[in-house]
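Single-structure report; data block below.
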Amino acid sequence: MTGETGTAQRPQPGSTAEAARLPRQRDSSPAAQIRLLVAVGTDKHPFDRLVDWLTQWHAQATAPVGLTVQHGHTSEPGLPGAVPFLGHDELQQAMADADLVVCHGGPATILEARRHGHLPIVVPRDPTRGEHVDDHQLLFARRLGAAGLVALCETREALHDALAAGLADPSRYAVAADPDAHEAQRAAVARVGQIVDDLVARSTPRPPRWRAWPRPRPGTKETR
């Protein structure tokens, strides 16, 4: 994926690309390995917190897990399946193959995950921790979490609980695949843009509403 708002061209019905967007049929045998995709996006800020939480969870996982960890500008973790970046087609295939998706709060990543039939487990970037330039991911993810459109996890415990629940029953984090959600994605990105504009407007000092009266020059009388 080359950018947070990049989208693929709409495939024709019945095409191979269309089929790849639908969730794969998971092997339900007892020894089946859960496939977990973790994507932190392409932002230049590292996201050590999410990768550290994932590493801690993986060390204690009791079920077999197949990992793909797109860690971006975060230092490479000591985890199997770790890659800095995925091309757009690679990311689409990884989402199609995954049983569970964990991602940052980027609107494009969230919408892509839902388009592939996932209720994404979302850990939004926090600017106070140096993970982003502003808090638009927090605002966006919290709104979607309140609407039940993502599984919002802002603490390590919440993430670990969500992953444990997903390993026990991946269907808890499945939604109806929506291959035609391009308009929803564009609307979501536009909404985040408006949120960022509002944040910038609030942080810009406004001119004072009062006006200083000029002081009278020496030898002149002040009039009112």
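The values are calculated or read from the model by the stated rules, or taken from the named source; none is laboratory data. What you see is a predicted model; the values in this text were computed from it and never measured. So basically every Cβ, Gly included, is an ideal-geometry build from the backbone, and we count neighbours across all protein chains shown. What goes into the accessible areas is simple: the full protein's heavy atoms, side chains included, and nothing from ligands, DNA or RNA. Shrake-Rupley method; radii C 1.70, N 1.55, O 1.52, S 1.80 Å.
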Probe 1.4 Å, all chains present, heavy atoms only: H88 accessible area in Å², nearest 10, is 40
Accessible-area order for D97, D52, largest to smallest, probe 1.4 angstrom, reads D52, D97
Placing each pseudo-label 7 Å from Cα in the direction of the beta carbon, V175 and V133 end up separated by a distance in nanometres of 2.8
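If I stretch the segment between H73 and A146 completely, what's the gain in nm (0.36 nm per residue apart, minus their alpha carbon distance), one decimal? Can you show the working numbers first?
Numbers: separation 73, 0.36 × 73 = 26.28 nm, distance 2.94 nm.
Full-extension gain reported as 23.3 nm.
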From highest to lowest solvent-accessible area (probe 1.4 Å; ligands, DNA and RNA excluded), T55, T128, T109 read T128, T55, T109
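How high is the relative contact order of region 49-141, in percent, counting Cα pairs under 8 Å that sit 6 or more residues apart? Intermediate results must be reported in sequence, preceding the final value.
Values: 103 pairs, mean separation 16.4, N = 93.
Normalised by residue count, the contact order of region 49-141 is 18 percent.
If you rank L149, L119 by how much accessible surface each has, with a 1.4 Å probe, what is the order from largest down?
Numbers: L149 65, L119 30 Å².
Sorted descending by solvent-accessible area, the residues read L149, L119.
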Going residue by residue through region 91-108, the Karplus relation 6.51 cos²θ - 1.76 cosθ + 1.60 with θ = phi - 60° gives ³J(HN,Hα) values, rounded to whole Hz and with x marking Gly or Pro, of 5, 4, 5, 4, 5, 5, 7, 6, 8, 9, 10, 10, 8, 6, x, x, x, 5
